[in-house]
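Structure first, then comments.
Each reported figure results from applying straightforward, stated rules to the coordinates on display, with no laboratory input. In this text the structure is predicted, and so the values were computed from the model without any measurement. So basically every Cβ, Gly included, is an ideal-geometry build from the backbone, and we count neighbours across all protein chains shown.
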Amino acid sequence: MWNEGYMVKLDFSNDIKYELIPFTQCNASPKVSIEGTDVDLFLKKFKELSDVIKDDSKLKELNASFAMKNHKRYKLIFEPYGGRFCFGMYFRNLLPSFVKKNLTTKIDFIECEAHRDALLDVLKTL
């Protein structure tokens, strides 16, 4: 769903009217395409996502599910390992984790808005 979106076509002739035009981008090539997009399916997905966003508990539940499904990828961001071979060794516990060192401090820097902003500024300069 990261590569789907919509444009809004506005008509100011007599009454103000609008039309949602769904599109996909960067599927097979780096371009935006409105061809082959099922408008009814898009509107159904749009309503489902809107309903989730309105319901805090459902949003938290889906976010937690996403995080658990992708936890390996997110853990690797903080590890110094690269390449399939090293990743495989790490996930078989043949290489140590560097994330756990000073974990409380790292969590504080991510959870605290002021620390997070400063951390992002520093990371952008690298």
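Details
- Residues that are of a type in the set (V, I, T) and more than 24 Å from L103 (Cβ to Cβ) do not occur anywhere in the stretch 74-91.
- Here is the figure for the stretch 7-54: residues that are among the aromatic types (F, W, Y) and under 22 Å from F66 (Cβ atoms) total 2.
Residue-by-condition table, conditions (1) of a type in the set (A, V, I, L, M, F, W, C); (2) farther than 21 Å from I110 by Cβ:
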{"position": "V8", "(1), (2)": "yes, yes"}
{"position": "D11", "(1), (2)": "no, yes"}
{"position": "A28", "(1), (2)": "yes, yes"}
{"position": "L49", "(1), (2)": "yes, yes"}
{"position": "S65", "(1), (2)": "no, no"}
{"position": "N70", "(1), (2)": "no, no"}
{"position": "E79", "(1), (2)": "no, no"}
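- Counting only helices (runs of 4 or more DSSP H) that sit completely within the stretch 1-108, those holding 1 or more residues that are touching a Lys or Arg at 6+ places or on another chain (Cβ under 9 Å) correspond to 39-54, 84-91.
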